[in-house]
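Here is the structure we will look at, set down as structure tokens.
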């Protein structure tokens, strides 16, 4: 790795950016895999959990598929397909919009809300894995840095 010149406080070499990208991708993969394993007994995926969590936070409001898609971290996700799978599991309701019959609205069911509550309670164990590695101050600082990257 190249040494940083003494007089250049903003100097970051290509190797450091490469390492940053690797660490971000590796950390994201670790979190996603941990979340996937954690959610497996509940028979839902991380993306499905994200939809349920959003709907649970907005309850009793209903959201369109497009509104859900806009709120998801993965903007390319197939929200319609995910909603259909969650509806089949009776975790959310899908119904025509009052204002636009071509559009559907979604709302979490009681069963879906209970599942989110169980997952949120159990997720504390998953959060403990991060707490073992980072202090509260480091978590705040890392969150600030990651928000600046987006």
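Observations on the model:
- Failed condition for residue 79, given (1) out of contact with any strand residue (DSSP E or B) (no Cβ under 8 Å at 6 or more places or on another chain); (2) over 24 Å from residue 124 (Cβ atoms); (3) surrounded by fewer than 16 Cβ atoms within 10 Å (Cβ to Cβ): (3)
- Residue within region 109-125 that is on the phi < 0 side of the Ramachandran plot, surrounded by 11 or more Cβ atoms within 10 Å (Cβ to Cβ), in contact with a strand residue (DSSP E or B) (Cβ under 7 Å, 6 or more places away or on another chain) and in a helix (DSSP H, G or I) present: yes
- When region 77-91 is filtered for residues that are in a helix (DSSP H, G or I), in contact with a helix residue (DSSP H, G or I) (Cβ under 7 Å, 6 or more places away or on another chain) and at pLDDT 90 or above, the ones remaining, listed by number, are 82, 83, 85, 86.
- Any hit, region 49-67, residues being under 20 Å from residue 146 (Cα atoms), in a loop (DSSP other than H, G, I, E, B) and under 14 Å from the mean Cα position of the chain (by Cα): no
- Long-range neighbours under 8 Å by Cβ, at least six apart or interchain, first residue farther than 17 Å from residue 146 by Cβ within region 22-38, second not in a helix (DSSP H, G or I): 36/45
Conditions (1) within 28 Å of residue 23 (Cα to Cα); (2) under 17 Å from the mean Cα position of the chain (by Cα); (3) outside any helix (DSSP H, G or I); (4) free of Cβ contacts under 8 Å to residues at least 60 places away in the same chain, marked per residue:
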{"position": "40", "(1), (2), (3), (4)": "yes, yes, no, yes"}
{"position": "75", "(1), (2), (3), (4)": "yes, yes, yes, yes"}
{"position": "94", "(1), (2), (3), (4)": "no, no, yes, yes"}
{"position": "100", "(1), (2), (3), (4)": "no, no, yes, yes"}
{"position": "128", "(1), (2), (3), (4)": "yes, no, no, yes"}
{"position": "134", "(1), (2), (3), (4)": "yes, no, yes, yes"}
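The values are calculated or read from the model by the stated rules, or taken from the named source; none is laboratory data. Quick caveat, the model's predicted, so the values are computed rather than measured. In this analysis, Cβ positions are derived from the backbone assuming ideal geometry, glycine residues included, and neighbour counts consider all displayed protein chains.
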